[in-house]
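Working notes, beginning with the structure itself.
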Amino acid sequence: MAIDYQKTAKELVKELGGDENITNVTHCATRLRFILKDEAIVNKDKVAKIPGVITTVQAGGQFQVVIGNHVKDAYGYVTELVHVSGDAQGSSDRKVGVFSRIIDIISSIFAPFLYTLAACGILQGILGVLVALNAIDTAGGTYRILNFISWTAFTYLPVMIAVTASKKFNVNTYVALVIACALVCPDYMSMVSSGEAIAFLGIPVQLLSYTSSVIPIILAIWIASYVQRFFDKYLPIVVRNLFSPMFTIVIMVPLTLLAFGPVGNTIGNAIGGIYNYLYGLSPIVAGIIVGGFWEVLVIFGVHWGITPVTVGNYANLGYDTFTGLQASAVFAQAGAALGVFFKTKDKDMKGVSLSAAITGFFGITEPAIYGVNLRLKKPMICGCIAGAVGGAIGGAFNAVSWGYNMPGIATLPAYFKSGHMNQFIGYLISIAVAFVLGIILTFVVGFAEDTEPEKEETTDAQKESQAASAGDNEGIVRTVEFGSPVAGDVIPVTEVKDAVFASEMMGKGVGIIPAEGKVYAPCDGTAEAVFPTGHAVGLKCSNGLELLIHIGIDTVKLEGRGFKAHVNQGDHVKKGDLLVEFDRELVKENGYDPTVIFIVTAMDQIQDMEKRTGQNVKQLDTVMTVTCREE
């Protein structure tokens with residue numbers, strides 16, 4: 001049955017905490033990439049079970065939802081449901097590491113125009129094939145026009161980057177475009193071509209070509225965000241709209257030519273130079289590493305880090321070796337998924353694995369990885385081994401890509417160039433070996449049949465009808481009492497000053513205005529989630545119910561200041577154990593509401609809940625009595 005991605009989007013937004021919790025959303029080839037205000041309130045398992053969602057990944061400061069080929073459909077419906085303000089385009093209040101921030105920036109900048117760039121790369125490859133077959137006259141107008149079309153996206157790459165970078169760094173998009181266009185405008189390029197000495201205010205300008213460059217324009221727009229912010233803050237409003245853009249442009253273009261451009265160019269060349277040096281030491285070893293581990297990077301969502309290297313290689317060398325090795329990893333995972341199709345006896349798995357293999361054959365491997373190979377474990381390993389073997393062969397033949405692309409059967413022309421037939425043949429051999437070996441290894445090694453996902457899918461599909469008939473269910477029921485995790489005044493959760501919790505979309509329960517800064521375990525169980533900032537703890541009780549204790553409203557913005565967790569994720573706790581200590585006064589002094597939210601998050605088993613609000617309680621005094629069905 002076809003998946004309704006409009007319904008997928010609605011459920012996704014709901015489970016992620018609604019519009020109020022979503023700071024930003026973008027998408028790449030297969031994933032929706034959310035930046036959330038508070039990830040602690042999200043139940044990853046519930047999100048992963050939404051029809052149309054393959055899996056979730058938390059990486060690079062993002063909550064990534066893997067959709068697959070229909071990601072653009074899902075993205076379109078999601079953007080109808082959320083409202084991302086210009087001020088919140090690229091940031092989250094959570095503290096993330098430098099590496100995660102870099103990955104987030106790269107993915108946000110390149111993802112929107114990835115397919116456009118790849119389309120131009122494929123067009124270059126098709127023209128190369130036509131030239132080799134003498135099917136087109138290189139001196140004729142048809143070839144010349146198609147040729148400059150194929151290079152346009154790369155020539156004006158800084159302009160494309162300026163658009164997406166302006167949204168990431170919250171800069172006026174038209175100001176960013178002017179800065180980028182200045183770096184590639186005909187007058188400046190004629191200065192570069194002539195080689196004449198140029199100075200700005202007596203300072204010599206290093207004349208560099210910024211066509212096809214990446215790092216210089218990213219640095220320029222990043223710095224421009226601070227310059228624009230300065231003038232927006234201090235200029236009188238009557239002249240701000242005119243002079244803020246003018247001052248930003250007049251300052252940033254010369255500064256880029258004098259400093260940020262040369263520095264960015266040096267950084268870009270150094271990054272590409274390091275990879276190309278390592279590749280030069282042993283292309284075969286490079287092929288083993290890239291072919292064997294590329295899809296592992298995809299799993300963790302950090303594969304975007306290589307994008308500046310590959311784009312830089314096309315600009316500086318005219319080709320890229322990394323993509324030539326990466327292709328083996330893609331075809332190997334597609335082969336492993338097809339191996340599952342041939343091996344499995346489960347009808348549903350046959351359908352899933354065949355579809356995933358075909359999708360992988362065209363370059364989109366997430367369905368194969370998350371839906372089949374990683375789920376069954378051994379096929380994933382077999383795919384990595386096959387990818388390493390294919391990568392070694394590609395390295396031995398010095399397989400390269402002559403135009404930017406995403407490896408797949410449809411992009412084969414991008415690897416062909418007249419006069420380099422041996423490299424192309426080596427590339428074909430490498431992906432063929434990786435694909436076939438992936439099939440054979442998976443078929444021979446085998447895997448344990450996994451029927452659990454089918455059971456979960458049935459349960460999800462029947463959830464609404466089960467809930468509707470719960471009152472007529474004659475199964476065993478039980479009553480569970482939960483004590484307050486903190487001393488204070490109990491209020492209905494619908495009255496807390498947070499729209500997400502007050503709407504009860506995250507679960508039902510109570511709010512406690514705390515009289516002290518100590519939070520205790522309300523039951524025996526396991527700490528399934530302890531947020532790094534210490535402001536939230538998710539518990540799975542020994543009776544199977546799932547609870548969330550969220551300390552304060554928007555206190556994630558304190559980044560852990562005033563909070564001290566006494567448990568770690570995975571710890572077993574007893575009722576009455578101290579979970580978290582927090583400084584109530586510090587929370588208040590920083591303008592945050594210290595109300596502790598205490599809810600049951602998994603409501604599908606709950607028949608009734610009695611909440612004892614409007615009273616002052618001590619810690620562990622009963623505040624909720626839950627009636628639930630036995631499974």
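The values are calculated or read from the model by the stated rules, or taken from the named source; none is laboratory data. Being a predicted model, the structure only gives us computed values, none of them experimental. We place every Cβ from the backbone using ideal geometry, glycine too, and count neighbours over all the protein chains shown. Heavy atoms of the whole protein, side chains included, go into the accessibility calculation; ligands, DNA and RNA do not. Shrake-Rupley method; radii C 1.70, N 1.55, O 1.52, S 1.80 Å.
The residues of segment 416-431 that are open to solvent by less than 40 Å² (accessible area, probe 1.4 Å) and either more than 17 Å from Gly387 (Cβ to Cβ) or outside any helix (DSSP H, G or I) (or both), listed by number, are Phe416, Phe424. Of everything in segment 334-378 that is polar (S, T, N, Q) and more than 14 Å from Ile409 (Cβ to Cβ), the residue that is surrounded by the fewest Cβ atoms within 10 Å (Cβ to Cβ) is Ser355. Of all residues in segment 158-175, those that are free of Cβ contacts under 8 Å to residues at least 12 places away in the same chain have Cβ atoms under 8 Å from Cβ atoms of residues that are of a type outside the set (A, V, I, L, M) and assigned to a helix (DSSP H, G or I), 6 or more apart or on another chain, in Thr173/Ser166; Thr173/Lys167. Of everything in segment 183-208, what is among the aliphatic types (A, V, I, L, M) and loosely packed, with under 10 Cβ neighbours inside 10 Å? Give them in sequence order. Hits for segment 183-208 are Ala197, Ala199, Leu201. Is it the case that some residue within segment 345-361 is of a type in the set (Asp, Glu) and out of contact with any strand residue (DSSP E or B) (no Cβ under 7 Å at 6 or more places or on another chain)? Within segment 345-361, one or more residues are of a type in the set (Asp, Glu) and out of contact with any strand residue (DSSP E or B) (no Cβ under 7 Å at 6 or more places or on another chain).
Among residues of segment 25-45 that are within 19 Å of Phe501 (Cβ to Cβ), those with a beta-carbon under 6 Å from a residue that is open to solvent by less than 10 Å² (accessible area, probe 1.4 Å) and modelled with pLDDT under 85 at least six positions away or on a different chain give the pairs Asp38/Val556. For segment 23-46, the candidate set comprises residues that are within 27 Å of Gly534 (Cβ to Cβ) and either assigned to a loop (DSSP other than H, G, I, E, B) or modelled with pLDDT of 90 or more (or both); within that set, the residue that is most open to solvent (accessible area, probe 1.4 Å) is Lys37. Take the conditions touching a strand residue (DSSP E or B) at 6+ places or on another chain (Cβ under 8 Å) and within 29 Å of Ala153 (Cα to Cα) and apply them to Val227. Does it pass? The answer is no for Val227.
Residue by residue, here is whether (1) open to solvent by 30 Å² or more (accessible area, probe 1.4 Å); (2) farther than 14 Å from Ala176 by Cα; (3) touching a residue at least 12 places away in the same chain (Cβ under 8 Å) holds:
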site: Tyr226; (1), (2), (3): yes, no, no
site: Leu242; (1), (2), (3): yes, yes, no
site: Val253; (1), (2), (3): no, no, yes
site: Leu258; (1), (2), (3): yes, yes, yes
site: Pro262; (1), (2), (3): no, yes, yes
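Of the residues making up segment 121-155, those that are under 30 Å from the mean Cα position of the chain (by Cα) and buried (at least 19 other Cβ atoms within 10 Å of the Cβ) are Gly121, Ile122, Leu123, Gln124, Gly125, Ser150, Ala153, Phe154. Here Gly403 does not fit the description of being in a helix (DSSP H, G or I), over 22 Å from Thr56 (Cβ atoms), open to solvent by less than 20 Å² (accessible area, probe 1.4 Å) and touching a residue at least 40 places away in the same chain (Cβ under 8 Å). Residue count for segment 510-526, restricted to those that are more than 17 Å from Gly552 (Cβ to Cβ) and touching a strand residue (DSSP E or B) at 6+ places or on another chain (Cβ under 6 Å): 5.
Within segment 506-524, residues that are more than 29 Å from Leu16 (Cβ to Cβ) reach partners that are among the hydroxyl-bearing types (Ser, Thr, Tyr) with beta carbons closer than 6 Å, at six or more positions or on different chains, in the pairs Asp524/Ser542. With respect to the conditions (1) at pLDDT 85 or above; (2) in a loop (DSSP other than H, G, I, E, B); (3) within 16 Å of the chain's Cα centre (by Cα), Gly68 falls short on a single one, namely (1).
When Ala139, Ala135, Ala162 are checked against the criterion of being modelled with pLDDT of 85 or more and touching a helix residue (DSSP H, G or I) at 6+ places or on another chain (Cβ under 6 Å), Ala162 stands alone in meeting it. Regarding segment 129-142, can at least one residue be identified that is free of Cβ contacts under 8 Å to residues at least 24 places away in the same chain and among the acidic types (Asp, Glu)? Looking through segment 129-142, at least one residue is free of Cβ contacts under 8 Å to residues at least 24 places away in the same chain and among the acidic types (Asp, Glu).
Of the strands (runs of 3 or more DSSP E) lying entirely inside segment 553-602, those containing at least 3 residues that are crowded, with 16+ Cβ neighbours inside 10 Å span 578-582, 596-600.
If you check Ala337, Ala315, Ala368 for being within 21 Å of the chain's Cα centre (by Cα) and either among the hydrophobic types (A, V, I, L, M, F, W, C) or under 19 Å from Ile122 (Cβ atoms) (or both), only one passes: Ala368.
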